[in-house]
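Have a look at the structure below before the remarks.
The values are calculated or read from the model by the stated rules, or taken from the named source; none is laboratory data. Since we're looking at a predicted model, the values are computed, not measured. So basically every Cβ, Gly included, is an ideal-geometry build from the backbone, and we count neighbours across all protein chains shown. Note: accessible area is taken over every heavy atom of the protein model, side chains too, but ligands, DNA and RNA are not part of it. Shrake-Rupley method; radii C 1.70, N 1.55, O 1.52, S 1.80 Å.
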Protein chains: 2
Amino acid sequence: MVNETQQTGSGSSSSRSDGGSSSGSESSKDNSRCSTPVLDADRHERLREKMRRRQEAGDRWFSLEFFPPRTANAAVNLISRFDRMGAGGPLFIDVTWHPAGDPGSDKETSSMIIANTAVNYCGLETILHMTCCNQSKDDITGHLQKAKRLGLKNIMALRGDPSGEEWEEEVDGFNYAVDLVKHIRNEFDDYFDVCVAGYPKGHPEAESYEADLRHLKEKVFAGADFIITQLFFRPETFLKFMKDCQAIGITCPIIPGIFPIQGYHSLRQLVKLSKLEVPQEIKDVIEPIKDNDAAIRNYGVELAVSMCRELLDSGMVHGLHFYTLNREVATTEVLKRLGLWKEDPRRPLPWAVSAHPKRRVEDVRPIFWASRPKSYIYRTQEWDDFPNGRWGNSSSPAFGELKDYYLFYLKSKSPREELLKMWGEELTSEESVFEVFTCYITGEPNRNGYKVTCMPWNDDPLATETNLLKEQLEKVNRRGILTINSQPNINGKPSTDPIVGWGPSGGYVFQKAYLEFFTSSEIVTALLKVLKKYELRVNYHIVNVKGQNITNAPDLQPNAVTWGIFPGREIIQPTVVDPVSFLSWKDEAFALWIEQWAKLYEEESPSRMIIQYIHDNYYLVNLVDNDFPLENCLWQVVEDTFELLN
Amino acid sequence: MVNETQQTGSGSSSSRSDGGSSSGSESSKDNSRCSTPVLDADRHERLREKMRRRQEAGDRWFSLEFFPPRTANAAVNLISRFDRMGAGGPLFIDVTWHPAGDPGSDKETSSMIIANTAVNYCGLETILHMTCCNQSKDDITGHLQKAKRLGLKNIMALRGDPSGEEWEEEVDGFNYAVDLVKHIRNEFDDYFDVCVAGYPKGHPEAESYEADLRHLKEKVFAGADFIITQLFFRPETFLKFMKDCQAIGITCPIIPGIFPIQGYHSLRQLVKLSKLEVPQEIKDVIEPIKDNDAAIRNYGVELAVSMCRELLDSGMVHGLHFYTLNREVATTEVLKRLGLWKEDPRRPLPWAVSAHPKRRVEDVRPIFWASRPKSYIYRTQEWDDFPNGRWGNSSSPAFGELKDYYLFYLKSKSPREELLKMWGEELTSEESVFEVFTCYITGEPNRNGYKVTCMPWNDDPLATETNLLKEQLEKVNRRGILTINSQPNINGKPSTDPIVGWGPSGGYVFQKAYLEFFTSSEIVTALLKVLKKYELRVNYHIVNVKGQNITNAPDLQPNAVTWGIFPGREIIQPTVVDPVSFLSWKDEAFALWIEQWAKLYEEESPSRMIIQYIHDNYYLVNLVDNDFPLENCLWQVVEDTFELLN
């Protein structure tokens, strides 16, 4: 919003009152017989209800504003920033609308697609900004329909900057934000939560501060659910504004926009765009240190923390909205110092949930995509139903194909040169591949001194939970059991356990031991002999790239490998080993050898041929030890296999 | 079949071959994506498939034949016999068709309703006999449609005894069993499994043994799935018959009908009806002891055991069909000596499953009806969907009303006089009611020397599992916590545990501690104060007859209190405490005070008024201790409550 201007029009006020709490009872009726235990009430509530609930509970919260990136690479970076900053627990993020950047298009960098990614792939409650001036009604309706289709539920309705010097009102056009608010309510009823902008100093183009307040009231009465303000430099500016709003009957939440000063130039530019004046006491500090970025940032953090404290202490403010300028450090620092950043947010489920409304009942997924949740979401985006309670219940077996393999948010975060350093400029044998896997597990540098921090199947370093298995994993990878997924068995740890816990407190979580790896046909032959001894205890699926499939799973039924028992709830079993979807995963897992690794090398090069050989000849194996209360027997299975081979 | 005669007609043989194995693949395809884990494959298979699977696995099995009773009281007895003999694990039972007893009617004693009860309320795979002679096509179709509607899946197609001396074939009528077989296949396609009768000595009315064999072949080729034979006295009779059948191309299963001789007169009558001749060697033994029932029965058991052994040892026989004459002792004895009676059959689920096809996915029920499963089945008989996986998923909240309260299979097995002896000829105070509850728990005789073996809420003595809680239950019942349902907490016992185990072997079962009781408002007031201390650990529902309801359950969600983890399966959670259905149970539980207890006494009598007072003023309470790995805290809750009262 920072650099978007806005003005309220003279439209008549609607009879619709603030909807802030109007549908609370509807939601709780839904929940009373809903098919999924409401593990995380947040997943079922609208943003305005979440806001209300937090306020009633006396919880303080924050939100984060981002603008869309200019390049595809910047988009990949922004998405990992969403993941990192999402871990701190924002109530929502918002994505600004850049009319110059084709904001409603399918481009990787458009406002629409960035917001889509935040909701669907990062699981963040998201507000999409939308401006209306100089746009046709049809264009606007089209954007809103698309947003709805993508699962976006919140719109920040703005006027936007008029293009050209001389701006004139269009008859029957969208001249003011209030026109957009009314349009949303007329065309989409109560579907969207609508946010509007407030100007603590009055809008620069408004006739007066008082006139601007009246415009704001019109926007609220036209159907806006809450207000986010333009940035300001003194807490008293906001507090006065809030009292003035209340005095004229604006009762919806008003969220102060906080701008931590992060640098001399960005501040100057912002001030110019927003036509705000920087108070003299701030100028006095900044001017002398204007070439010292670190010093300015430290000062900006100090200033923001002190202002936020004052706002929160006033008792009138429950949430803070941060203008991040797409940067992490300053905002994160302010939030940590305020105690609003949640270092270890509770996981509602073992995997990252998506925020798309149609996925809100989803509480079961196959374990195979544990390290590639975005790929799973992408490949199931066309599903109409999502499984809840049982995998077999409503899951469509049709996974999206792999044709859009280079979809930007499935790309590796590391550039080619870095991957070559990690995975080997030149491979000489299958053993040199074993070494790469081993280095990834141990965290030790490879023979060229580089740490292997990602693999084609795992874009991030080893999970904390997997660390529990590190020693054994190292041993088996060295010998050609190339592990790509595993979990230890857990026999009833508290749901609050920092490593393996998830779900509401007071519960207990369980796991069956799981091990998934690529290995040679020679090892598979021995493994199958060994598995006979473990027939009643270990379930296995062994498949090669051609789809030759060996399993002892009864009737192709899924096997629950993670589950939790909670007070007053039905059982939740969020992770299953499903024989049917394993065959879809198999295609993806084998393709990653070629798409992500082999293609780093020249065609016909020995390195590429080694990877191609593995792709063509190795098997993908998964093993489940069903006897979760006993010591994990899968290491013994592997040990027995190696012994048989010797 | 024993006293039904039958003759095969001359109908042309159909092109349909023996369907014994034709739909095996269809069934396993169903299972591969079915929504309920196939805990018990039996529930999903047709009878002919079960038979085939048992034969392939080399398992031996037995089945039991009963005839419909003459009176309602006899029906109640027969149904408890179904429950007791069902515990021995018959592959199926069959119910004969008594044309004289209005066999297709809704009377409690009709063949149709008895078969319905066996399937739906006792969970037994059941074959309903049906005869066709002297009946119109419409009558027969009507009977078959009704059978299908009630969930019956198997028909034994018979001619039946012609009425009157001179029987003539009707043109276009049903003259022979083969006509009925064809009619079933024409009108109902493959819906029913069809059984026909075979006569090892040839049918008494047949032209010759060979002609009778040809008639049998016609019945099989018209669509019968298997054959049950008339009784016979020598094993070689059956073995010769079987070889002769095979020789002319009959390949479906042929099950020998075994008749353990149980008394002199029943044997004579049977022989007369079936026109069989008793071999001289048997007559020689029986005639001298004809007045000694016990001796004849012992001899009958010996004879049957020795004949069955010879049949099984031949390798040609896998199943044995017993003509029980509605008696238990002789047949059970034979089965036990043969090792076919399974003393402790595996429970597929903690509660007795129903055999109606539409209930085959059912795997969740509220705990409230644990001691009244027939009532639960009755009250949910109109449901189209049954919950599987999760209670909230597909369960209809509409329970049938209690208007048919005296439905015969919900009646107490004990007559009024017995109930009065157990529950008191005269009650003098609420405490005398406490005593009845306490005696039921302890098994000690009451002050008049009678043991209390049932209660209005429990028609059977205390469950073995509840015995684990006996001491504590006694203590609290003495003081007016009148318990009607409870289970201990279980933290991962093997699924094969003889007391609490269920489901396939290799699994682990779990429970949360549960306690349900009636108690006075005074105790409830104290209890509520105590429960504050246990707020995060104990879920409670407290309701009186007027429906005043106090609970701390979040969002009216069900709480899983029994669940199991099995190799290669999703989690099963067969028992839940469901706040919504608790209110339907509440009506039933309170009504039982009046219907079963108060009405034993004269109107206005002090005894009746005491029960009425309890009904009007007590509360029904249920408590769940969510912390299943710890020691059950519910006894401490009750202890604290009594302490607070003192």
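D for region B:262-342, whole µm²/s, Stokes-Einstein with Kirkwood Rh over alpha-carbon pairs at 37 °C and 0.692 mPa s: what number? Please list the in-between numbers first.
Numbers: Rh = 13.7 Å.
The Stokes-Einstein estimate is 240 µm²/s.
Between region A:434-487 and region A:202-280, what is the separation of their alpha carbon centroids in Å?
When both Cα centres are located, 51 Å separates them.
Between copies, how far does the label point of B:Ala57 sit from its twins, in nm, shortest first, when each point is 7 Å from Cα along Cα→Cβ?
Distances to the matching label points in the other copies: 5.0 nm.
Which of the lysines could a cross-linker span from B:Lys275 if the Cα-Cα distance has to be under 25 Å and same-chain partners fewer than 8 positions apart are dropped?
Once the sequence-local lysines are set aside, what remains near B:Lys275 is B:Lys201, B:Lys217, B:Lys219, B:Lys240, B:Lys243, B:Lys283, B:Lys290.
Give me the compactness ratio for the protein assembly as shown, meaning the Cα radius of gyration over 2.2 N^0.38 Å. List each step's numbers first, then the result.
Numbers: Rg = 37.9 Å, N = 1292, 2.2 N^0.38 = 33.5 Å.
The reported ratio for this selection is 1.13.
With the dipole of the protein assembly as shown worked out from charges on the C-beta (+1 for Lys and Arg, -1 for Asp and Glu) around the Cα centre, which of B:Ile227, A:Cys439, A:Leu515 lies farthest toward the positive end?
A:Cys439
Normalised by the number of residues in chain B, what is the relative contact order in percent for Cα pairs under 8 Å and 6+ residues apart?
Working: 1145 pairs, mean separation 82.5, N = 646.
Over chain B, the number comes to 13 percent.
Label-to-label distances across copies for A:Lys475, with labels 7 Å out along Cα→Cβ, in nm, shortest first?
Copy-to-copy label distances for A:Lys475: 4.9 nm.
From zero up to wherever the largest Cα-Cα distance of region B:365-645 sits, split into 5 Å bins and tell me the percent of pairs in each.
1, 5, 12, 16, 19, 18, 14, 9, 4, 1, 0, 0, 0
Please sort A:269-277, B:562-570, A:199-207, B:279-287 by packing, taking for each peptide the average over its residues of neighbouring beta carbons within 10 angstrom, highest first.
Working: A:269-277: 14.6, B:562-570: 24.8, A:199-207: 18.8, B:279-287: 12.3.
Put in order of decreasing packing, that is B:562-570, A:199-207, A:269-277, B:279-287.
At 20 °C and 1.002 mPa s, grab the translational diffusion coefficient of region B:88-129 from Stokes-Einstein with a Kirkwood Rh over Cα pairs, rounded to a whole number in µm² per second. Show your work: numbers first, answer last.
Values: Rh = 10.3 Å.
Result for D is 208 µm²/s.
Roll a 1.4 Å probe over the protein heavy atoms and report the accessible area of B:Ile93 in Å², nearest 10.
It works out to around 0 Å².
Tell me which trypsin sites (Lys or Arg not before Pro) from region B:45-104 have a DSSP coil assignment and no more than 13 other beta carbons within 10 Å of their own.
The qualifying sites are B:Arg70.
For chain B, what does -39500 (n - 2.57) per DSSP helix run (n ≥ 4), summed and divided by total residues, give at 222 nm, in deg cm²/dmol to the nearest 500? Walk me through the intermediate numbers first.
On the way: 22 runs with 241 residues, N = 646.
Only helices count here, giving -11500 deg cm²/dmol.
So how many Å³ per residue does the convex hull of the Cα atoms of region A:437-482 work out to? It would help to have the intermediate numbers written out before the result.
Details: hull volume 3.4 nm³, N = 46.
Per residue, the Cα convex hull of region A:437-482 comes to 74 Å³.
Averaged over peptide A:549-559, how many Cβ atoms belonging to another chain are found within 10 Å of each residue's Cβ? Mind showing how you got there, number by number?
Details: counts 0, 0, 1, 2, 3, 9, 14, 6, 11, 5, 7.
If you average over the peptide's residues, the count of other-chain Cβ atoms is 5.
Give me the percent relative contact order of region A:365-645, please, defined on Cα pairs under 8 angstrom at least 6 residues apart.
Numbers: 463 pairs, mean separation 58.9, N = 281.
Relative contact order here is 21 percent.
Other chains' Cβ within 10 Å of A:383-392 residues: what's the mean?
4
Under 15 Å between alpha carbons, and skipping anything fewer than 8 positions from B:Lys529 in its own chain: which aspartates and glutamates qualify?
Qualifying aspartates and glutamates at Cα under 15 Å: B:Glu639, B:Asp640, B:Glu643.
Looking at chain B, what % of its DSSP beta bridges pair antiparallel, to the nearest 5? Provide the component values of the computation, followed by the final result.
On the way: 36 of 67 bridges.
Antiparallel bridges make up about 55 percent of those DSSP assigns within chain B.
With viscosity set to 1.002 mPa s and temperature to 20 °C, compute the Stokes-Einstein D of region B:214-324, Rh being the Kirkwood radius across alpha carbon pairs; µm²/s, no decimals.
So the translational diffusion coefficient is about 142 µm²/s.
What fraction, in whole percent, of alpha-carbon pairs in chain B exceed 32 Å separation?
Working: 113212 of 208335 pairs.
Beyond 32 Å sits 54 percent of the P(r) for chain B.
Take the solvent-accessible surface of the protein heavy atoms, probe 1.4 Å, and return the percent of it on region B:365-645 that carbon and sulfur atoms account for. Spell out each step's value before the answer.
Numbers: 5350 of 11060 Å².
Of the solvent-accessible surface of region B:365-645, carbon and sulfur hold 48 percent.
Run the label-point distances for A:Asn186 please: 7 Å along Cα to Cβ, every other copy, nanometres, shortest first.
6.8
With respect to the cross-link table entries B:Lys148/B:Lys272; B:Lys146/B:Lys413; A:Lys493/B:Lys546; A:Lys512/A:Lys533; B:Lys413/B:Lys586, which display a Cα-Cα separation exceeding 30 Å? It would help to have the intermediate numbers written out before the result.
Numbers: B:Lys148/B:Lys272 34 Å; B:Lys146/B:Lys413 28 Å; A:Lys493/B:Lys546 42 Å; A:Lys512/A:Lys533 19 Å; B:Lys413/B:Lys586 23 Å.
The pairs that break the limit, which is 30 Å between Cα atoms, are B:Lys148/B:Lys272; A:Lys493/B:Lys546.
Please get the size of the charge dipole for region B:606-646, origin at its Cα centre, with Cβ charges of +1 on Lys and Arg and -1 on Asp and Glu, quoted in debye to the nearest 20.
Numbers: 1 positive and 7 negative charges, 81 e Å.
In debye, rounded to 20, region B:606-646 gives about 380.
Pull out a ≥ b ≥ c, the square roots of the eigenvalues of the alpha-carbon gyration tensor of region A:322-386, then state rounded if a/c is under 1.5, prolate if not and a/b is larger than b/c, and oblate in the remaining case. It would help to have the intermediate numbers written out before the result.
Details: a/c = 2.56, a/b = 2.18, b/c = 1.17.
It is prolate, given that a/c is not under 1.5 and a/b is the larger ratio.
Angle, helix B:521-533 long axis vs. longest principal axis of chain B, Cα atoms, 0 to 90°, nearest 10?
So the inclination is approximately 80 degrees.
What's the magnitude of the charge dipole for region A:167-321 around its Cα centre, counting Lys and Arg as +1 and Asp and Glu as -1 at the beta-carbon? Answer in Debye, nearest 20. Don't jump to the answer; show the numbers that get you there.
Numbers: 16 positive and 26 negative charges, 110 e Å.
Charge dipole of region A:167-321: 540 debye, to the nearest 20.
What's the magnitude of the charge dipole for region B:365-645 around its Cα centre, counting Lys and Arg as +1 and Asp and Glu as -1 at the beta-carbon? Answer in Debye, nearest 20. The partial results should precede the final answer.
Values: 27 positive and 38 negative charges, 93 e Å.
Here the size comes out at about 440 debye.
As a test question: what accessible area, to the nearest 10 Å², does A:Met609 have when a 1.4 Å probe is rolled over all protein chains in place?
Its heavy atoms expose roughly 110 Å² to the probe.
When only alpha-carbon atoms are used, what values of Rg and Dmax, in angstrom, describe region A:211-262?
11.5, 36
Summarise the partner chain shielding of A:612-620 as one whole number: the mean count of Cβ atoms from other chains within 10 Å of each residue's Cβ.
Working: counts 0, 0, 0, 0, 0, 0, 0, 0, 0.
Taking all residues of A:612-620 together, the mean is 0.
Let me understand region A:503-603 better: what is its radius of gyration from the alpha carbons, and its Dmax, in angstrom?
Using the Cα atoms of region A:503-603, the pair Rg, Dmax is 17.4, 59 Å.
Hull surface divided by four, with the convex hull built on the Cα atoms of region B:444-537: how many nm²? Spell out each step's value before the answer.
Working: hull surface 32.7 nm².
Projected over every direction and averaged, the Cα hull of region B:444-537 covers 8.2 nm².
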